[in-house]
Amino acid sequence: MEEYASGGGLARRGSALLGRDTPAEDLFGIRGDPRVDRLLDGALDALATAVANLAIALDPERVVLGGGMAAEPALPSRISATLAAAVPFPPVVEAGRFASDAALVGALALAVDALRA
């Protein structure tokens, strides 16, 4: 998944595709170029398939999206559609409230819990 759907992986593949250094976030602004569209659609499909496989294995009630790819407006509907087609009881898909700070918020929650113990 790191190669297909992470910011670093997309930046490497997009830069090679376009022949110039291109950050992942810039790729989403180049929609309309068929090469970039194929790259991004492939990444969204790979991510949606991975989430569907995890949902089948873990049977969660909810999937919360975070990270850089979560900023892509098409992501929640793409994942929801894949889940509806592949998962017997598809979970609800939503964007995380702390998309960029999830690790920090989690670390703080652990610290508060440790102080209370």
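Data for the structure
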| item | result |
| --- | --- |
| Computed [θ] at 222 nm, helices only, for the chain once each DSSP H run of length n ≥ 4 contributes -39500 (n - 2.57) | -19500 deg cm²/dmol |
| Amide proton proximity set for Leu65, modelled H, under 5 Å, gap of 5+ | Glu94, Ala95, Gly96 |
| Acute angle (nearest 10 degrees) that the helix 34-58 long axis makes with the longest principal axis of the chain, alpha-carbon atoms | 30 degrees |
| Mean accessible surface per residue for region 1-95, computed with a 1.4 Å probe while every protein chain stays in place, in Å² | 56 Å² |
| In region 1-85, the trypsin sites (Lys or Arg not before Pro) that fall in loop regions by DSSP, at most 16 other Cβ within 10 Å | Arg20, Arg31 |
| Principal-axis tilt of helix 102-116 within the chain, Cα atoms, nearest 10 degrees | 10 degrees |
| With every protein chain in place, the chain: carbon and sulfur % of accessible area (1.4 Å) | 60 percent |
| Among Leu17, Leu39, Leu58, residue whose mean-square fluctuation peaks in a GNM of the chain (springs only between Cα atoms under 10 Å) | Leu58 |
| Cα principal axis extents for the chain, largest first, Å | 55, 35, 20 |
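The values are calculated or read from the model by the stated rules, or taken from the named source; none is laboratory data. These numbers were taken from a predicted model, which means no experiment stands behind them. Virtual Cβ from ideal backbone geometry, glycine too; neighbours counted across all protein chains shown. Ligands, DNA and RNA are excluded from the accessible area calculation, which covers all protein heavy atoms including side chains. Shrake-Rupley method; radii C 1.70, N 1.55, O 1.52, S 1.80 Å.
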